[in-house]
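The values are calculated or read from the model by the stated rules, or taken from the named source; none is laboratory data. Predicted, not measured: the structure shown is a model, and the values here were computed from it. Glycine gets a Cβ as well: all are built from the backbone with ideal geometry, and neighbour counts include every protein chain shown. When the accessible area is computed, the model is the full protein with side chains, heavy atoms only, and any ligands, DNA or RNA have been set aside. Shrake-Rupley method; radii C 1.70, N 1.55, O 1.52, S 1.80 Å.
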Amino acid sequence: MIEFRTVTKQFPDGTVAVDEFSLVIPARQTTVLVGSSGSGKTTLLRMINRMVEKTSGEIEIDGESIYKLNPVALRRSIGYVMQNSGLLPHRKVIDNVATVPLLNGVKKADARRAALDLLDTVGLDRALADRYPSQLSGGQQQRVGVARGLAANPNILLMDEPFGAVDPIVRAELQQELVRLQRELGKTIVFVTHDIDEAFLLGDQVVLLEKGGRIAQKGTPAEILSRPANDFVATFIGADRGRRALRVEVVNGRNVVVDADGRPTGVLQA
Amino acid sequence: MNWVVNNIGLIWSLTLVQVTLAIPPIILGFIISLPLGWLANRFRLTRGALLTISGLLYTIPSLPLFIALPAILGTGILDPINVVVGLTIYAVALMVRQTADALASVDPGTKQAATAMGFSGWSRFWKVEFPLAGPVLLAGLRVVSVSTVSLVSIGSVIGVTSLGYLFLNGLQRDIPGEVISGIVATLVIAIVFDFILVGIGRLLMPWTRADRTTRSSRRAKGIKAPGVRAAENPVEVMAK
């Protein structure tokens with residue numbers, strides 16, 4: 001469990017990225033922070049592994065303040081996956097995956113063996129192990145990034161718009177992979193995105209952020225869809241444009257669900 | 001041509017002297033520029049100061065410098081150390097800016113990722129920033145290498161014998177073969193040094209060629225593009 005308690009972050013230039021933010025992120029679930037740019041979502045994520053230091057407030061992991069830990073040790077204990085993969089271009093795929101275990105002093109042969117297993121876990125061909133990142137497609141690079149995030153077997157996985165830079169087809173594929181992985185691994189995932197559909201797909205808990213890290217609404221996707229807290233939320237999730245307003249029409253004796261434009265999206269099961 | 005044949009021993013021994021005098025400044029210049037370049041890249045204040053000073057160093061004319069150095073260093077006027085120190089100053093003058101630029105060329109996203117993985121500041125520099133700055137560092141080192149090899153000759157004017165002796169002596173005695181052999185030997189050294197540097201670069205930075213090699217070997221073996229993961233034959237790739 002990760003807990004933010006009245007955390008504020010003011011950057012040296014005076015901008016308040018996050019103002020008195022409080023949130024409990026439950027263990028072994030996926031929490032998605034979603035908002036447009038300037039909502040402070042990435043700042044919040046990076047405060048968890050102290051890439052960004054707080055101005056005031058407290059952040060705890062399993063009841064222990066993260067400020068009592070050495071930042072480097074803290075970061076090695078938390079998985080991190082970023083946009084554009086963030087792979088080290090001068091290291092082979094296998095060594096990229098093994099980065100954190102190697103930093104932790106695991107023997108090279110052992111780290112590499114474990115890294116090969118991880119390639120299987122994220123659905124990558126082991127033959128890619130000896131390639132350099134530049135020799136992979138964008139989707140493959142993101143998979144390597146996920147494998148690297150998992151390599152030290154962390155309880156917590158931070159994901160900063162990890163699928164933002166790949167094409168829609170690959171993105172959908174990667175999202176499904178993540179859903180499968182999370183079912184198997186049960187990590188505490190904190191996922192940042194500006195894509196509300198991605199948030200609803202992946203999140204057990206979705207936290208909608210307004211400017212300055214103000215929580216507009218939090219809850220399960222169903223809770224937010226069924227009762228948007230205010231106009232901002234309604235606009236953000238597309239309820240105001242009727243995009244989420246599905247209705248049922250009876251066709252051939254079956255209940256067909258159609259969207260606001262009258263396009264069928266599925267059939268209601270009895 | 002006769003002169004060359006008769007004096008091949010002299011040319012060879014002067015070539016060796018030239019090489020011996022050129023290597024230390026190149027290596028020392030690289031090593032000294034590393035912390036200075038890092039400082040120049042790290043802080044805005046130091047950047048202006050260091051780059052200006054190192055730029056000014058290069059404007060010192062070489063002949064007066066070689067003559068002034070014995071007085072400053074307390075060395076003998078004919079001591080080869082004067083040449084080594086002088087050329088190191090020029091190497092540093094060139095390399096500080098290049099090192100700063102090389103470190104600045106490293107993608108900030110990659111540096112952030114390294115921090116997020118848990119690299120400490122020191123290990124992030126040596127294991128991530130330094131190697132990734134490699135291609136730009138190498139480019140600078142190649143310029144320094146060529147410039148140093150040719151500047152060693154100036155030492156001959158103050159009496160530190162090198163291939164420069166052949167130009168001076170050849171001009172005075174009007175032996176074109178001697179002058180030309182000095183030029184050719186200097187060129188050959190510069191070219192050989194360049195080959196060695198490029199070779200070291202290829203050895204230490206295999207990732208810079210990774211794109212090219214796979215593309216060509218893929219063509220040769222008929223392996224499909226990386227996008228088609230499932231279709232690839234692992235054995236073929238492993239065999240590479």
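Table for the structure above
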read-out	value
Trypsin sites (Lys or Arg not before Pro) lying in DSSP loop within segment A:144-250, provided at most 15 other Cβ fall within 10 Å	A:Arg241, A:Arg243
Estimated dipole of segment B:1-154 in Debye, rounded to 20 [Cβ of Lys and Arg +1, of Asp and Glu -1, Cα centre]	440 debye
Convex hull of chain A built on C-alpha atoms - directionally averaged projected area, nm²	16.8 nm²
Extension gain from A:Ala229 to A:Ser65, taking 0.36 nm per residue of separation minus the Cα-Cα distance	55.9 nm
Above-threshold pairs, the threshold being 26 Å between Cα atoms, out of A:Lys187/A:Lys211; A:Lys68/A:Lys108; A:Lys211/B:Lys111; A:Lys68/A:Lys187	A:Lys187/A:Lys211; A:Lys68/A:Lys108; A:Lys211/B:Lys111
Nearest 10 degrees, 0 to 90: helix B:8-42 Cα axis against chain B principal axis	50 degrees
Segment B:143-184: relative contact order in percent, alpha carbon pairs under 8 Å with at least 6 residues between	25 percent
Counting DSSP beta bridges with both ends in chain A, the antiparallel % (nearest 5)	60 percent
Rounded to 5, percent antiparallel among DSSP beta bridges of segment A:60-195	15 percent
Average Cα contact separation per residue, chain A, under 8 Å, 6 or more apart, as relative contact order %	23 percent
Percent accessible area from carbon and sulfur atoms, segment A:161-251, protein chains only, probe 1.4 Å	54 percent
Probe 1.4 Å, protein heavy atoms only - accessible area per residue of segment B:49-138 in square angstrom	42 Å²
Nearest-10 value in Å² for the accessible area of A:Thr265, using the 1.4 Å probe	90 Å²
GluC sites (Glu not before Pro) restricted to segment A:1-100 and DSSP loop, no more than 11 other C-beta within 10 Å	A:Glu53
Accessible surface, per residue, of segment A:36-145 when the full set of protein chains is kept, probe 1.4 Å, Å²	37 Å²
Proximal aspartates and glutamates to B:Lys127, defined as alpha-carbon separation beneath 17 angstrom and excluding residues fewer than eight positions away on the same chain	A:Asp95, B:Asp107
Buried accessible area, chains B and A (both chains, 1.4 Å probe, Å² to nearest 100)	2600 Å²
Farthest positive-ward along the protein assembly as shown dipole, Cα basis, beta-carbon charges - from A:Ile169, A:Val16, A:Ile78	A:Ile169
Hits among aspartates and glutamates - C-alpha to C-alpha of A:Lys9 under 17 Å, sequence gap 8 or more where chains match	A:Asp19, A:Glu20, A:Glu53, A:Glu58, A:Glu60, A:Glu210
Charge dipole magnitude, Cβ of K and R +1, D and E -1 - chain A, Cα centre, debye nearest 20	600 debye
Dipole moment magnitude, nearest 20 debye, segment A:162-270 about Cα centre, only Lys, Arg, Asp, Glu C-beta charged	240 debye
Top positive-direction residue, dipole computed over chain B with Cβ charges, set B:Ser145, B:Gly9, B:Ile158	B:Ser145
Of the trypsin sites (Lys or Arg not before Pro) in segment A:47-147, those whose Cβ has at most 13 other Cβ within 10 Å and which sit in DSSP loop	A:Lys107
Pairwise FRET efficiency - B:Phe43 versus B:Thr20, Cβ, R0 = 45 Å, nearest 0.05	0.75
Considering only the protein assembly as shown, percent of DSSP beta bridges that pair antiparallel, nearest 5	60 percent
Karplus (6.51, -1.76, 1.60) ³J(HN,Hα), θ = phi - 60°, over segment A:251-261, in Hz, Gly and Pro reported as x	10, 6, x, 10, 7, 9, 8, 10, 8, 4, 8
